[in-house]
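Values in this text are rule-based calculations from the coordinates and carry no lab data. Everything quoted here is computed from the prediction, not taken from an experiment. Using ideal geometry, Cβ is built from the backbone for each residue, glycine included, and neighbour counts are taken over all protein chains shown.
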Amino acid sequence: MQKRLVLINVGVVIIGLIAAALLAMPLVRNLYLEEFHRTLDSAVMLLTTDGDEIQEDPEAFVQRKREALQQAGQDIRLTVITLDGQVIGETSKDNPTGINPENENHLGRPEVQEALQSGVGFDTRKSESTGETYLYEARVLGDYVLRAAMPVTEMDEATRKLSLFMLAGVCLGGAIVAVVSVVSSRNIVRPMLRLTEATRKVAAGDFESRVPEHYPNEIGQLAQSFNRMADQTQKAFSELTEQGHQLEAVLQGMDDGVLAVDQYDNILLFNERVKALLQNSGLKIGEKLDGSIVLSQLAGYLREALETDSVVRKEIKLSNPERIMTVYAAPLNAEDAKDGGLLVLSDVTEVRKLQQLRSEFVANVTHELKTPLTSIRGFIELLKSGDRDEETRQYFYDVLDIEAERLHHLIDDMLVLSQIENAKDDVQTVPCNLNQEIETVLRRAKPIAEKNGIVLRLEAEEAFLVASSPTRLQQLFGNLVENAIKYNKPQGRVTVTLQRQRNMVLVKVKDTGIGIPQEHLPRLFERFYRVDSSRSREIGGTGLGLSIVKHLAGLYHGDVSVESVVGEGSVFTVRLPLLEG
């Protein structure tokens with residue numbers, strides 16, 4: 001850029017100087033010619049005062065005038081020409097006598113022709129006889145034409161010197177302009193180069209780039225404007241970046257999956273939750289929303305939302321594992337145009353399960369309450385229907401008592417389960433000796449066990465302390481021991497084993513009973529779930545015992561699991577955190 005500016009400036013100046021020289025040269029030459037004309041005209045006018053002498057003796061006239069001109073120091077050449085063009089006398093350096101009979105006819109000379117026509121004639125040309133350039137003036141004197149010629153060598157020399165002077169001026173002016181242009185262009189080009197480089201950096205994302213503002217005039221103002229623009233751009237970019245980070249944090253922190261596409265189904269953005277919900281790590285920004293049945297299905301929902309310009313709600317089921325997803329598809333509108341669409345995916349699997357469990361719970365509670373109530377009402381109707389013997393009435397009373405007790409246990413278990421589910425922390429937590437609490441449970445269960453010939457045994461490597469409530473611990477292990485007795489074989493065994501596992505204590509309740517089929521194990525801890533409903537009701541089970549066990553273990557930051565072999569028995573394992581010290 002600097003080189004181009006220098007070349008342009010030097011070129012303009014040189015062209016200007018050359019143009020000035022070309023205009024000045026003719027003017028100077030004309031000035032010289034006018035001066036020569038005046039000098040020659042004065043000399044000719046002086047010579048023509050002796051017009052009678054030239055008529056009498058032209059040769060003597062020429063000789064005398066030559067001597068006079070030499071004495072005056074004037075380099076004027078005189079020629080006397082007859083009216084028919086014959087030269088009869090001439091003065092020149094090469095013809096001191098003034099007579100040159102070999103001179104050719106001068107009738108065709110322009111100045112002679114003009115003089116014969118108008119009395120006076122002028123011309124400037126190179127002499128054919130001397131080879132020099134002359135200024136000619138011719139006047140008619142009677143029967144002769146007197147022509148005076150003055151060499152313009154001085155004018156040519158002056159013109160030549162002027163040309164050289166102007167050429168030197170052009171070169172000097174060009175050099176001066178070149179130096180000045182280099183210096184001045186540096187003051188312009190360097191700041192511009194800095195501005196250009198800073199602009200490139202800002203365009204590339206380096207918003208810290210700035211330029212000095214000390215330059216004078218418009219360059220300094222431009223630098224100030226650029227720096228202000230860079231400050232505003234940096235501030236705007238920082239705000240956008242912060243907003244982007246906030247949006248990213250919000251998107252990534254959402255429980256719902258979010259995915260946006262443009263009008264061509266190209267993915268604009270998505271959060272990690274979408275990849276987790278769809279189990280598709282192949283989603284990429286800028287690629288089409290396709291590649292699988294589910295993605296194509298989602299793209300179809302978006303097209304429906306764009307076509308109807310409304311929010312579309314759908315529910316889809318996924319497999320491996322089975323999940324239920326609620327999908328909301330909405331158009332992204334920008335003024336009058338549709339820029340694309342937004343998908344929001346929510347995993348409602350647990351919600352649907354809870355709804356199903358709630359429905360099942362209501363149905364189960366209704367059924368469980370209805371059964372004893374129906375039995376009670378039936379026996380009451382029988383008692384009211386007429387006279388019965390004492391033995392029959394006593395039997396009815398016993399049945400009513402059993403059903404009322406069953407109803408009482410069911411309500412108690414439901415209340416306990418509700419309390420446990422709604423409790424985040426048990427306010428009655430105290431250090432408890434787990435060995436002693438389990439011994440209490442076994443001692444209370446011993447009469448029932450002995451009645452069925454079942455042996456109860458406790459095996460513990462050491463004493464274990466846990467943070468709990470004695471009542472809750474007895475409820476937890478009481479349910480397990482009671483089930484182990486109920487579903488055991490005659491003359492069977494129930495063994496409770498306590499052992500350490502790092503910072504946890506494992507309590508295993510093992511029986512030698514009938515066992516549980518494997519297909520029932522995943523749902524065994526659900527409320528009102530029974531492997532054999534008729535047998536469970538027959539032995540007085542409410543269907544809530546194992547659910548209470550599960551929730552009590554969770555209440556104290558533990559868990560419960562089960563292993564079972566049909567015909568050999570079951571092992572229920574409860575893990576609880578140890579209270580050290």
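Quick notes
- Distant-in-sequence amide H partners of Leu458 (H built 1.01 Å from N, under 5 Å): Val496
- Legend: residue pairs Lys317/Lys510; Lys284/Lys314; Lys370/Lys550; Lys370/Lys510, Cα-Cα distance threshold 31 Å; pairs beyond threshold, Lys317/Lys510; Lys370/Lys510.
- Note on Ile219, Ile548, Ile411: ascending count of other Cβ atoms within 10 Å places them as Ile411, Ile219, Ile548, the fewest first.
- Label point at Ala460 placed 7 Å out along Cα→Cβ; residues across segment 487-523 whose backbone nitrogen lies under 15 Å: 496-501, 505-509
- As a rough footprinting exposure proxy, the listed residues Ser296, Ser547 were ranked by other beta carbons within 10 Å of their own, and the order from fewest upward is Ser296, Ser547.
- When the charge dipole of segment 426-577 is built from unit charges on Cβ atoms (+1 for Lys and Arg, -1 for Asp and Glu) and taken about the Cα centre, the candidate among Thr512, Ser570, Tyr487 whose Cα reaches farthest toward its positive end is Tyr487.
- Given charges at Cβ of Lys, Arg, Asp, Glu: segment 269-356 dipole, positive-most of Leu354, Pro331, Asn280: Leu354
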